[in-house]
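The values are calculated or read from the model by the stated rules, or taken from the named source; none is laboratory data. As the structure is a prediction and not an experimental result, all values here were calculated from the model. Please note: Cβ atoms are built from the backbone with ideal geometry, for glycine as well, and neighbour counts cover all protein chains shown. Surface areas here come from the heavy atoms of the whole protein model, side chains and all, with no ligands, DNA or RNA. Shrake-Rupley method; radii C 1.70, N 1.55, O 1.52, S 1.80 Å.
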Amino acid sequence: MIPERRYDLDWLRVIAILLLHLFHCAMPFMAEWDWHLKNKETSNLILECNYFVSRWRMPVLFFISGIGTIFVLNQKSIWQFIAQRTKRLFVPLLFGMLIIIPPQVYFERIYKGTDYHSYLDFYPSIFTTTVYPEGNLSWHHLWFIAYLFVYSLLAIPLILIFKSEKGKAFTNRVAGFCEKYSMVSFGIILSVASFLYFWYPNETHAFVGDGAGFTKYFLYFLFGAFIGINPIFWRNLENNRRFNLKIAFFSAIVINFLRWNDLEPNWETYSSNLLFLCLVTLSAWFWVISFLGYAKKYLNFTNTFLQFANEAIYPFYILHQTFIVIIAYYVIQTPDDILSKYLFLTLVSFVLSFGFYVFLIKPYKITRFLFGMKIK
């Protein structure tokens with residue numbers, strides 16, 4: 001077992017969510033992918049950047065969350081764990097759906113031409129219409145919290161098995177095997193699970209119709225819990241970080257060669273499609289374990305910035321997309337170029353999210369509770 005605080009995981013969590021902020025700020029300007037509102041002109045190059053980040057950003061967060069879950073269960077009983085997850089996840093989710101998310105839906109609706117006289121005219125509709133996208137009740141980017149809450153409850157029996165003596169013995173055997181033959185076996189499991197995308201091609205982030213996405217992220221969560229309890233895995237990740245990065249690097253080149261030369265297979269259940277899907281899935285897995293290995297080697301330390309950011313990053317995540325959507329609604333109406341709009345949107349939404357945290361959330365017990373923070 002690894003009882004000490006893992007600062008490298010704190011660093012990865014902070015970095016991943018800051019990247020998520022940059023990712024969401026780029027969405028209004030990205031070609032092809034649909035979003036809540038879009039700039040008149042879009043960029044294929046921004047699409048390529050977001051496509052690359054999208055393959056591993058959420059897997060990293062779910063993997064780290066799985067590690068954190070088993071650390072919490074090492075310190076608490078099952079009922080204490082459920083209570084902690086409820087306060088940490090369900091309360092912010094409910095508060096977010098009622099207060100934080102509705103402005104996003106409102107600005108999307110008026111952008112698409114729905115005639116509301118004001119936000120006060122719109123707000124009752126989150127209770128009188130059905131769920132998004134047909135209606136106005138949604139969790140939007142907070143789907144991550146919803147899934148994480150469900151995963152935490154579903155994983156309790158498995159994590160208890162991982163913690164048992166037989167579970168530890170099995171984990172040691174798997175860790176020894178991976179130390180000898182690499183950790184590609186986890187990627188193979190993910191690749192087999194990825195075939196669900198042929199039946200569920202779109203990630204709805206709404207449980208319903210999201211069989212492929214739900215399964216993929218649950219596996220990353222479980223792998224995090226499984227790997228997180230065993231130091232042999234961490235030694236493997238640290239020692240093989242360069243090899244894992246090499247695989248990730250060259251797999252990304254192959255993927256983009258196929259995409260940029262229109263050699264990407266059509267979306268049908270042919271062998272070429274299965275191979276391409278396996279390539280994309282394995283590439284994402286090797287990026288994830290590369291980041292974990294390098295973070296374990298170089299980022300297992302703390303400082304004043306990390307101490308502040310580690311507490312601030314969760315409320316920042318809850319807030320950031322709402323400010324992005326509101327500001328983007330006005331930004332996309334200006335005649336400026338895409339780069340100017342993107343930089344302005346990124347800076348202003350960051351400052352607002354940070355400012356709301358510092359001035360309205362951090363100092364007060366009630367807001368700390370509503371945003372899933374510890375009450376000091």
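A crude spin-label estimate for the pair residue 263 and residue 131, with each label 7 Å from Cα along the Cβ direction, gives 4.2 nm. Bridging of residue 296 to aspartates and glutamates at a Cα separation below 17 Å is possible for 4, 8, 10, 179, 238, once same-chain residues fewer than 8 apart are set aside.
Any of 38/341; 76/362; 87/362 with alpha carbons more than 22 Å apart? Name them for me.
76/362
The radius of gyration of the Cα set in the chain, together with its Dmax, comes out at 21.2, 65 angstrom. Of 366, 229, 67, which has the largest mean-square fluctuation in a 10 Å C-alpha GNM of the chain? Comparing 366, 229, 67 in a Gaussian network model of the chain, the most mobile one is 366.
Put simply, the amide H of residue 43, placed in the peptide plane, has neighbours under 5 Å in 30, 31, leaving out anything fewer than 5 places away on its chain. Backbone geometry of region 114-131 corresponds, through the Karplus equation with coefficients 6.51, -1.76 and 1.60 at θ = phi - 60°, to 3J(HN,Hα) couplings of 5, 9, 10, 6, 6, 5, 5, 6, 6, 3, x, 5, 5, 9, 9, 10, 7, 6 Hz, x marking Gly and Pro. Per-residue packing, averaged as other Cβ atoms within 10 Å, sorts the ranges 34-45, 208-219 into the order 208-219, 34-45, beginning with the highest.
Here the extension length gained between residue 301 and residue 359 equals 18.1 nm, from 0.36 nm per residue of separation less the Cα-Cα distance. Based on DSSP H segments of at least four residues, each scored -39500 (n - 2.57), the chain has a per-residue ellipticity at 222 nm of -22000 deg cm²/dmol.
Peptides 78-89, 272-283, 110-121 ordered by packing proxy, namely the average of other Cβ atoms within 10 Å per residue, highest first: 272-283, 78-89, 110-121. A 1.4 Å probe run over the protein chains yields, for region 185-331, 46 Å² of accessible area per residue, whole-number rounding. Between residue 375 and residue 207, the simple spin-label model (points 7 angstrom out along Cα→Cβ) gives 2.7 nm. Taking each full run of DSSP H in the chain as one helix, which ones are at least 30 Å long along their axis (Cα atoms) and have mean Kyte-Doolittle hydropathy of at least -0.5? Going by DSSP H runs, the hits are 271-298, 304-331. Available extension along the chain between residue 181 and residue 254 is 23.9 nm, counting 0.36 nm per residue and deducting the alpha carbon span.
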